[in-house]
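Take a look at the structure below.
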Amino acid sequence: MAAPLVLVVLAAVTVRAALFRSSLAAFIAERVEVASPLNAWKRVVEGLALLDLGVSPYSGAVFHETPLIIYLFHFLIEYAELVFMITDVLTAVALYLAIQDFNKVVFKKQKLLIELDKYAPDVAELIQTPMEMHYIPLKVALFYLLNPYTVMSCVAKSTCAINNSVIAFFILATIKGSAFLSAVFLALATYQSLYPLTLFAPALLYLLQRQFIPIKLKSKSFWLYTMQYASLYLCSLVVIICLSFFLLNSWDFIPSVYGFILSVPDLTPNIGLFWYFFAEMFEHFSLFFVCVFQINVFFYTIPLAIKLKEHPVFFMFVQIAIISIFKSYPTVGDIALYMAFLPVWSHLYRFLRNIFILSCVLIFCSFLFPVLWHLWIYAGSANSNFYYAITLTFNIGQILLISDYFYAFLRREYYLTHGLYLTRQDGTEAMLVLK
């Protein structure tokens with residue numbers, strides 16, 4: 001399997017290197033779908049210029065990245081293109097290794113449940129075989145490295161690529177069962193963009209399963225392990241934040257990074273849901289609706305944790321998708337991360353209801369983004385309503401896609417335990433309705 005992965009990596013690096021040397025690089029870097037006020041490369045360059053002059057990069061309203069990022073590129077600015085290509089490769093390799101280990105866990109769990117007669121007798125066709133699972137890690141790496149969203153994010157030198165890499169290593173550490181590394185990488189991901197805080201729940205559930213600790217609120221071992229993992233996470237986060245303070249000798253980065261993410265003061269158009277809504281809103285209502293919009297990312301964590309407590313990796317996938325849809329400054333690079341996981345759930349395709357329509361919606365919207373932007377900004381024959389309409393359609397498509405996968409997952413789980421061919425008491429065929 002190493003040879004195909006190397007070929008995929010070489011192809012991905014070649015595509016990126018060619019685009020870096022083409023005239024398209026400057027065009028892609030300016031696209032609002034690819035770069036946001038948080039992660040745009042030109043803002044990192046501006047912050048570096050201020051740092052070189054001995055001025056705090058957070059003294060203006062331009063730079064909103066974390067101190068560790070600016071100090072990373074302070075030393076590696078000459079090799080920025082190479083850094084972003086290596087980052088993408090590391091992300092793909094981390095996902096490859098994570099899914100490889102996850103497939104082994106899934107196969108062992110299936111084998112155990114079959115031996116214990118937990119599955120219905122007529123569900124053999126729903127069971128994943130080693131042959132079906134063999135190429136899934138390679139497909140995940142392929143889906144990430146050659147996804148146009150990932151390629152554009154890399155060519156634009158969006159720091160979203162670094163965030164994705166940190167989350168990928170967090171997933172790898174979690175699936176490997178390393179609580180310490182999982183907590184450290186989760187703290188680093190939270191430090192970078194705040195929203196990965198919601199991944200604490202699926203990581204904890206997975207680690208509890210690895211330790212064979214029952215997920216019961218009355219269990220002492222449950223609370224002890226939860227406190228240990230939470231302590232590791234919080235201590236790592238405190239250390240990273242203190243390191244940032246020592247680098248800058250200032251706390252200015254906290255309001256400039258996290259205050260900026262939460263309060264959404266920059267209403268530059270992007271593929272998110274915030275900018276148009278708050279541009280049209282009266283100022284005295286904005287605080288309330290900012291809270292309403294921001295709570296979306298965190299609101300679904302508890303109900304999903306209850307429903308998917310036995311399936312934390314699928315829970316993690318859904319939560320990453322929710323973050324990419326409802327965060328304040330999303331880019332296509334965020335979407336690429338959860339899309340890389342779609343091959344992992346290839347066994348759900350038979351239960352998906354609208355996959356073709358939703359795929360077409362997302363593809364057409366991706367092509368219409370630059371068209372409607374041109375009509376609005378350059379041709380003057382459209383307005384912001386047109387661009388926001390396509391943004392809204394794109395996000396609705398994503399929501400329906402994740403809902404479809406969620407429905408398919410629950411449906412398959414039900415069939416595994418109750419049988420694939422359901423019948424009523426009178427012997428007639430029954431229809432499964434999930435509510």
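The values are calculated or read from the model by the stated rules, or taken from the named source; none is laboratory data. Remember, it's a predicted structure, so these values are computed and weren't measured experimentally. Neighbour counts run over all protein chains shown; Cβ positions are idealised from the backbone, glycine included. In case anyone asks, the SASA skips ligands and DNA or RNA and just uses the protein heavy atoms, side chains included. Shrake-Rupley method; radii C 1.70, N 1.55, O 1.52, S 1.80 Å.
Just a few scattered comments:
- Extreme residue, least open to solvent (accessible area, probe 1.4 Å), among residues of segment 202-218 that are of a type in the set (A, V, I, L, M), under 11 Å from Lys309 (Cβ atoms) and not in a loop (DSSP other than H, G, I, E, B): Leu208
- Check on Phe409, touching a His at 6+ places or on another chain (Cβ under 8 Å), at pLDDT 90 or above and among the hydrophobic types (A, V, I, L, M, F, W, C): yes
- Residues satisfying the stated conditions in segment 257-292, i.e. open to solvent by 30 Å² or more (accessible area, probe 1.4 Å), aromatic (Phe, Trp, Tyr) and without any contact (Cβ under 8 Å) to a residue 60 or more places away in the chain: Phe277, Phe282, Phe285, Phe288, Phe289
- Residue check, Ser346 touching a residue at least 40 places away in the same chain (Cβ under 8 Å), of a type in the set (S, T, N, Q), closer than 26 Å to Thr91 by Cα and touching a Gly at 6+ places or on another chain (Cβ under 8 Å): no
- A search for C-beta distances below 8 Å between a residue of segment 1-27 that is more than 15 Å from Phe84 (Cβ to Cβ) and any residue that is open to solvent by less than 40 Å² (accessible area, probe 1.4 Å) and of a type in the set (Phe, Trp, Tyr), counting only pairs 6+ apart in sequence or on different chains, returns Leu5/Tyr96.
- Taken over segment 219-231, the criterion of being within 18 Å of Phe180 (Cα to Cα) and either hydroxyl-bearing (Ser, Thr, Tyr) or open to solvent by 60 Å² or more (accessible area, probe 1.4 Å) (or both) is satisfied by Ser221, Trp223, Leu224, Tyr225, Thr226, Met227, Gln228, Tyr229, Ser231.
- The condition of being modelled with pLDDT of 95 or more and of a type outside the set (Ser, Thr, Tyr) holds for only one of Val123, Val151, that being Val151.
- Taken over segment 38-48, the residue count meeting the criterion of being open to solvent by 50 Å² or more (accessible area, probe 1.4 Å) and of a type in the set (Gly, Ala, Ser) is 0.
- Residue count for segment 104-152, restricted to those that are exposed (fewer than 15 other Cβ atoms within 10 Å of the Cβ) and of a type in the set (Ser, Thr, Tyr): 2.
- Selected residue (only one of Val318, Val297 is within 30 Å of Phe212 (Cα to Cα) and at pLDDT 95 or above): Val318
- Residue list for segment 412-435, filter: acidic (Asp, Glu) and modelled with pLDDT under 80: Asp426, Glu429
- One residue stands out in segment 79-94 among those that are of a type outside the set (A, V, I, L, M, F, W, C) and within 18 Å of the chain's Cα centre (by Cα): the one that is most open to solvent (accessible area, probe 1.4 Å), namely Thr87.
- Which listed residue is out of contact with any His (no Cβ under 9 Å at 6 or more places or on another chain), surrounded by fewer than 20 Cβ atoms within 10 Å (Cβ to Cβ) and modelled with pLDDT under 95, from Ala2, Ala35: Ala2
- For segment 5-30, residues that are within 12 Å of Val151 (Cβ to Cβ) and surrounded by 13 or more Cβ atoms within 10 Å (Cβ to Cβ) total 11.
- Residue match in segment 222-236 (condition: part of a loop (DSSP other than H, G, I, E, B) and out of contact with any Cys (no Cβ under 7 Å at 6 or more places or on another chain)): no
- Some residue of segment 381-391 being touching an Asp or Glu at 6+ places or on another chain (Cβ under 9 Å) and either among the aromatic types (Phe, Trp, Tyr) or free of Cβ contacts under 8 Å to residues at least 24 places away in the same chain (or both): no
- Breaking point among (1) out of contact with any helix residue (DSSP H, G or I) (no Cβ under 7 Å at 6 or more places or on another chain); (2) more than 17 Å from Gly333 (Cα to Cα); (3) open to solvent by 50 Å² or more (accessible area, probe 1.4 Å), for Gln100: (1)
- Entirely in segment 251-367, the helices (runs of 4 or more DSSP H) that have 2 or more residues that are farther than 30 Å from Gln110 by Cα and of a type in the set (Phe, Trp, Tyr): 274-279, 286-299
- Of everything listed in (1) outside any loop (DSSP other than H, G, I, E, B); (2) out of contact with any Leu (no Cβ under 6 Å at 6 or more places or on another chain), the single unmet condition for Val166 is (2).
- Residues in segment 237-250 that are open to solvent by less than 70 Å² (accessible area, probe 1.4 Å), assigned to a helix (DSSP H, G or I) and not β-branched (Val, Ile, Thr): Leu237, Cys242, Ser244, Phe245, Leu247, Leu248.
- No other residue among Ile162, Ile167 is touching a Pro at 6+ places or on another chain (Cβ under 8 Å), of a type outside the set (Asp, Glu) and under 29 Å from Lys42 (Cα atoms) apart from Ile167.
- Some residue of segment 10-31 being within 20 Å of Ser193 (Cα to Cα) and of a type in the set (Asp, Glu): no
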